[in-house]
Amino acid sequence: MGNKLVLYFSVYGTARRTAEEIARQTGAKLQEIIPKKPYDPDRGHYEALERKTKIEHDRNLRPAMKGTVDIEGYDVVFVGYPIWWYTFPMIIYTLFDELDFSGKVIVPFNTHMGSGDGGTYRTIKELEPRATVLEGLPIEMASAEKGDPEGIRSWLERIGQLS
C-alpha cells in the first residue's frame, strides 16, 4: 500500500479527531494544515468565523499555509477538512494550488452538518486529474466529535486502506 500521510485542516477539532483515527488505523503519518493567519478556535465566536470564511469564499481568496507541506515520498495522501459554504475551506484550494499530487492516491474525508461532501470529492478530481481519487468519507459532525472508529474502519476496509 505504500507510505501514507494524513493531511488535515481543522479549526474546532472535529476533522482533527477524524484524521487522528485514520492515522491510528492506517499507520499513516499525521500532519496538520495550518493557516499563516490562524482562525479563532473559540466556538463562542462562530459568527465571526462564519463572516470571515464567507468573505474568503465569495472573493475566491487563498489563505496562505504556515510552514511547508511535503507530500514527496508518500503514495497515499488522505486530505481532511470541514465543509464550509458547501465546499472545502479556501485553504484546501491553496493546498491543491501549491502541491502536485500527480501519480498519488488522494483519499478525501470531511466533516459536515448535513451537506455530505458538498461536491468536494468531484472538485478534487477536477483539480488533480493526474491523481487517483478514492471514495471519500463524509462524516457527520456528531459522529466526528466521537471519533467514529467503527465507521472509519468500515470505510478504510471498503477502499483497501486498512493496515
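Things worth noting here:
- Listed by first and then second residue, the pairs with beta-carbon distance under 6 Å, at least 6 apart or on different chains, first residue in segment 64-81 and touching a residue at least 12 places away in the same chain (Cβ under 8 Å) and closer than 16 Å to VAL107 by Cα, second assigned to a loop (DSSP other than H, G, I, E, B) and among the basic types (Lys, Arg), are VAL77/LYS104.
- Restricting attention to segment 1-42, the residues being at pLDDT 90 or above and on the phi > 0 side of the Ramachandran plot number 2.
- When segment 25-42 is filtered for residues that are touching a residue at least 40 places away in the same chain (Cβ under 8 Å) and either surrounded by fewer than 12 Cβ atoms within 10 Å (Cβ to Cβ) or assigned to a helix (DSSP H, G or I) (or both), the ones remaining, listed by number, are GLN25, THR26, GLY27.
- Residues that are open to solvent by less than 70 Å² (accessible area, probe 1.4 Å), within 26 Å of GLU98 (Cβ to Cβ) and in contact (Cβ under 8 Å) with a residue 60 or more places away in the chain within segment 9-24 comprise PHE9, SER10, VAL11, TYR12, THR14, ALA15, ARG17, THR18, ALA19, ILE22, listed in sequence order.
- Members of segment 116-146 that are at pLDDT 95 or above, open to solvent by 60 Å² or more (accessible area, probe 1.4 Å) and either in a helix (DSSP H, G or I) or small (Gly, Ala, Ser) (or both): ARG122, LYS125, GLU126, LEU127
- For segment 43-59, a residue qualifies if it is within 20 Å of the chain's Cα centre (by Cα) and either open to solvent by less than 80 Å² (accessible area, probe 1.4 Å) or modelled with pLDDT of 90 or more (or both), and the qualifying residues are LEU49, GLU50, LYS52, THR53, LYS54, GLU56, HIS57.
- Entry remark, segment 44-74: residues being part of a loop (DSSP other than H, G, I, E, B) and either in contact with a Leu (Cβ under 8 Å, 6 or more places away or on another chain) or of a type in the set (Asp, Glu) (or both) number 5 in total.
- Summed over segment 66-91, the residues that are touching a Gly at 6+ places or on another chain (Cβ under 8 Å), of a type outside the set (Ser, Thr, Tyr) and modelled with pLDDT under 95 give a count of 2.
The values are calculated or read from the model by the stated rules, or taken from the named source; none is laboratory data. None of these values were measured; they are calculated from a predicted model. Virtual Cβ from ideal backbone geometry, glycine too; neighbours counted across all protein chains shown. We work out accessible area using only protein heavy atoms, side chains counted, and drop any ligands, DNA or RNA first. Shrake-Rupley method; radii C 1.70, N 1.55, O 1.52, S 1.80 Å.
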